[in-house]
Amino acid sequence: MSRDSQIVEFASWFQTPPGRYLLEWEQARLDETVADLFGFHALQLGLPELRGLQTNRMPHRWLALETGEGLEAPLQAVALRCQFDALPFESGSLDLVVLPHVLELADDPHFTLREVERVLRPEGRVVILGLNPVSLWGLRQNLGHLRRQMFSRRRSDLFLPRAGEFLGYWRLRDWLRLLSFDIEQARFGCYEPPLRSEAWLARWRWMEGVGERWWPVLGAVYFMVAVKRVHGMRLVGLARQKRAAAKGAPAVAMHQHRCPHRD
């Protein structure tokens, strides 16, 4: 399957009832998270169906698209065309990067993550959304692959897009730590069973609260926020304060008193 076909398949799946249900949950998490992240430069990679920067207030926002993705850009950002493993930004120039299901379609997800680490400034943040293979949705997908192999079934037996590799949360967390990221926030969501009908999904909506409380790591999607740390950095602001305090300290003056000679 070509790269463009993978992107088109993912975009088509997000128009299905379970895809829209997933996007609704992800949009709500992004809106409440990026609104409080400050800086000057923000970037979203791919998936224009998800407006990941619409509540963010940074003055410069971009939406990077690949060849197979739609041309119309949301009003949230300026659209540009580029390869996600060779971003046209200087090292340490971005304050925020949003990755909605990007690593799942990457030829080398670890290399793409290293490229994101390169363009982020120290203390910059990356927001990652991905499908959780350890979930009811992931289990149904694996059963669909097994049926296809055993009985030569068609592609329609798969619940999720067949394109891409679904990265587990724990594996991705280890990658981030190797790149000197600290996990600031992690959430799971979409606990409803893997159903194709919008009516049946609505009937199982009560599972959202139950799943989040009793089996939180088994949601169909995970949402992560990580901060880029640069160890050994010197905080210039604090250093200046210390120097100013040292200069303002009172000096001790030493006076010599000569005693008159006695004859």
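The values are calculated or read from the model by the stated rules, or taken from the named source; none is laboratory data. The shown structure was predicted, so the numbers you read here are calculated from the model rather than taken from an experiment. Here Cβ is always computed from backbone atoms with ideal geometry, including for glycine, and neighbour counts include all displayed protein chains. What goes into the accessible areas is simple: the full protein's heavy atoms, side chains included, and nothing from ligands, DNA or RNA. Shrake-Rupley method; radii C 1.70, N 1.55, O 1.52, S 1.80 Å.
Go through ARG203, ARG20 and list them by solvent-accessible area, largest first, probe radius 1.4 Å. Walk me through the numbers before you get to the answer.
Details: ARG203 150, ARG20 105 Å².
In descending accessible area the options line up as ARG203, ARG20.
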- Query: Using the per-residue mean of other Cβ atoms lying within 10 Å as a proxy for protection, in what order, highest first, do the peptides 42-51, 23-32, 132-141 fall?
  - Reply: 42-51, 132-141, 23-32
- Task: Sort 216-223, 205-212, 165-172 for me by packing, meaning the mean count of neighbouring Cβ atoms within 10 Å per residue, highest on top.
- Result: 216-223, 165-172, 205-212
